[in-house]
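Asker: First the structure, then my questions, so here it is.
What follows is calculated from the coordinates using simple rules that are stated; it is not laboratory data. Given the structure is predicted, the values throughout are model-derived calculations rather than measurements. So basically every Cβ, Gly included, is an ideal-geometry build from the backbone, and we count neighbours across all protein chains shown.
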Amino acid sequence: MSYYSTKLTHPLLKMWGSIFLAFCLSILPLPAAVAEFSPLWILAVLAYWMIYASFSIPLWFVFIVGLLFDLLTHTLLGLHAFLLVFVAYFFHKYPMRIRQFSHWQKILTISLFSAIYLFIQYWIRALTENFHVSIFYGMPVLTTAILWIWLSVLGDEGTSRYGLLD
């Protein structure tokens, strides 16, 4: 009997499943009025797994996820890969320190890195293409913070009840 047979499923399968769900939610067609408020699903899910997983997620994996996201969204190849690696480096380097943050400090950290992600994305897209932003361009920072609240609560509940990250 293997170690993982007593658990619900293998932790890597849960991680891949949640990343696949984040891909699906990121490319979900939304009405124009709501589309600008869509959170940064991939960033939030990768940050969650990098902070709370009992195994280390390498940065090359984050780069590949970013390249797949670039291919899915038809953006400049390497844009999201670079941005996800740039943001994930912090979570890769200091996961234990971030775990010790209070819930509000984690929300502010995710908000800060979401804002950095959007700012660098805006800068690169403005240099490489005819890119115009609306007044609501920064709203994913707020919706990602709200998403992080639910993601961490559901993740903590799953971890404590089912031992998902063990």
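Asker: Angle check, please: helix 59-73 long axis (alpha carbons) against the longest principal axis of the chain (alpha carbons), in degrees 0 to 90, nearest 10.
Answerer: 50 degrees
Asker: By how many degrees, between 0 and 90 and to the nearest 10, does the Cα long axis of helix 103-128 differ from the longest principal axis of the chain?
Answerer: 40 degrees
Asker: How much net charge surrounds Leu77 when only other residues with a Cβ under 14 Å from its Cβ are counted (Lys, Arg +1; Asp, Glu -1)? Kindly include the intermediate steps, with their values, before the conclusion.
Answerer: Values: positive: Arg125; negative: Asp70, Glu129.
Around Leu77, the surrounding residues sum to -1.
Asker: How big is the charge dipole of the chain about its Cα centre, in debye rounded to the nearest 20, if each Lys and Arg gets +1 on its Cβ and each Asp and Glu gets -1 on its Cβ? Don't skip to the answer; put the middle values down first.
Answerer: On the way: 8 positive and 6 negative charges, 80 e Å.
Dipole about the Cα centre, nearest 20: 380 debye.
Asker: How high is the FRET efficiency between His132 and Leu77 when r is their beta carbon distance and R₀ equals 22 Å, given to the nearest 0.05?
Answerer: Values: r = 22 Å, r/R0 = 0.98.
Here the calculated transfer efficiency is 0.55.
Asker: Which whole-number percentage describes the relative contact order of the range 1-99, with Cα contacts under 8 Å and a sequence gap of 6 or more?
Answerer: On the way: 80 pairs, mean separation 23.5, N = 99.
Computed over the range 1-99, the figure is 24 percent.
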